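Please read the structure below before turning to the comments.
The values are calculated or read from the model by the stated rules, or taken from the named source; none is laboratory data. Because the structure is a prediction, the values reported are computed rather than measured. FYI the Cβ positions are ideal-geometry reconstructions off the backbone, even for glycines, and counts take in every protein chain you see.
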Amino acid sequence: MELKKSEEILAEIHRNCQLALQSISDILPEAEDEDVREELLHEHDEYEKMCGRAAALAKDKNIELKNPGPIKKAMMWSSIKMSTMTDNSRAHIAEMMTQGTVMGITAIKSSLADMSDGMEDEDIRKLAEDVLAMEERFEEMWKRMIA
């Protein structure tokens, strides 16, 4: 198995944060529960900060980051709209957010595991670890809202 380069991991972090921002923006208009709306807004702010950190690192290291394409965004939007059309309850939105967060956690954990010891960029590793910790906190929050 080929080890991922720091640049690829930074791109994964950026893509992960961009998809989370898009998902939150798509879900927010459907959320009627005030606690859910507050959590979505809080998470949106946190993902924006991480995305900004990724962009700053990319600029410093002369790495070009790409945003998810319009087809991916349209597919996410339609999936979210269809799912919330029949059920926009607190538990259902929390379940949707948990699923998305788990996908992000899995991607970041995989990227961290693929980094070679001693060869990775410490700034990128730190950012990946921070994003992972943030998403794990979000997962716990959403799981509590499902119950």
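One table, with the values for the structure above:
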read-out	value
Residue check, MET76 assigned to a helix (DSSP H, G or I), loosely packed, with under 15 Cβ neighbours inside 10 Å and at pLDDT below 90	no
Selection from segment 6-45 of residues that are charged (D, E, K, R) and surrounded by fewer than 17 Cβ atoms within 10 Å (Cβ to Cβ)	GLU7, GLU8, GLU32, ASP33, GLU34, ASP35, ARG37, GLU38, ASP45
Residue that is nearest to the chain's Cα centre (by Cα) [pool: residues in segment 32-64 that are in contact (Cβ under 8 Å) with a residue 40 or more places away in the chain and part of a loop (DSSP other than H, G, I, E, B)]	ILE63
Test set (1) at pLDDT 85 or above; (2) in a helix (DSSP H, G or I) - ILE71 fails condition number	(1)
Residue in segment 47-62 that is nearest to SER25 (Cα to Cα), counting only those that are surrounded by fewer than 18 Cβ atoms within 10 Å (Cβ to Cβ) and aliphatic (A, V, I, L, M)	ALA55
Test: residue in segment 118-131 that is closer than 23 Å to VAL36 by Cα, part of a helix (DSSP H, G or I), within 19 Å of the chain's Cα centre (by Cα) and without any contact (Cβ under 8 Å) to a residue 24 or more places away in the chain	no
Residues located in segment 3-44, provided they are within 18 Å of GLU95 (Cα to Cα) and of a type in the set (Gly, Ala, Ser)	ALA20, SER23, SER25, ALA31
Pair list, Cβ < 8 Å and 6+ apart or interchain, from segment 134-145 residues that are within 11 Å of ALA91 (Cβ to Cβ) to residues that are in a helix (DSSP H, G or I) and basic (Lys, Arg)	MET145/ARG90
Residues of segment 91-101 satisfying the condition of being free of Cβ contacts under 8 Å to residues at least 40 places away in the same chain and surrounded by fewer than 15 Cβ atoms within 10 Å (Cβ to Cβ)	GLN99
Odd one out for ASN88, checked against (1) assigned to a loop (DSSP other than H, G, I, E, B); (2) touching a residue at least 24 places away in the same chain (Cβ under 8 Å); (3) within 25 Å of ASP130 (Cα to Cα)	(3)
Selection status of ALA107, small (Gly, Ala, Ser) and surrounded by 15 or more Cβ atoms within 10 Å (Cβ to Cβ)	yes
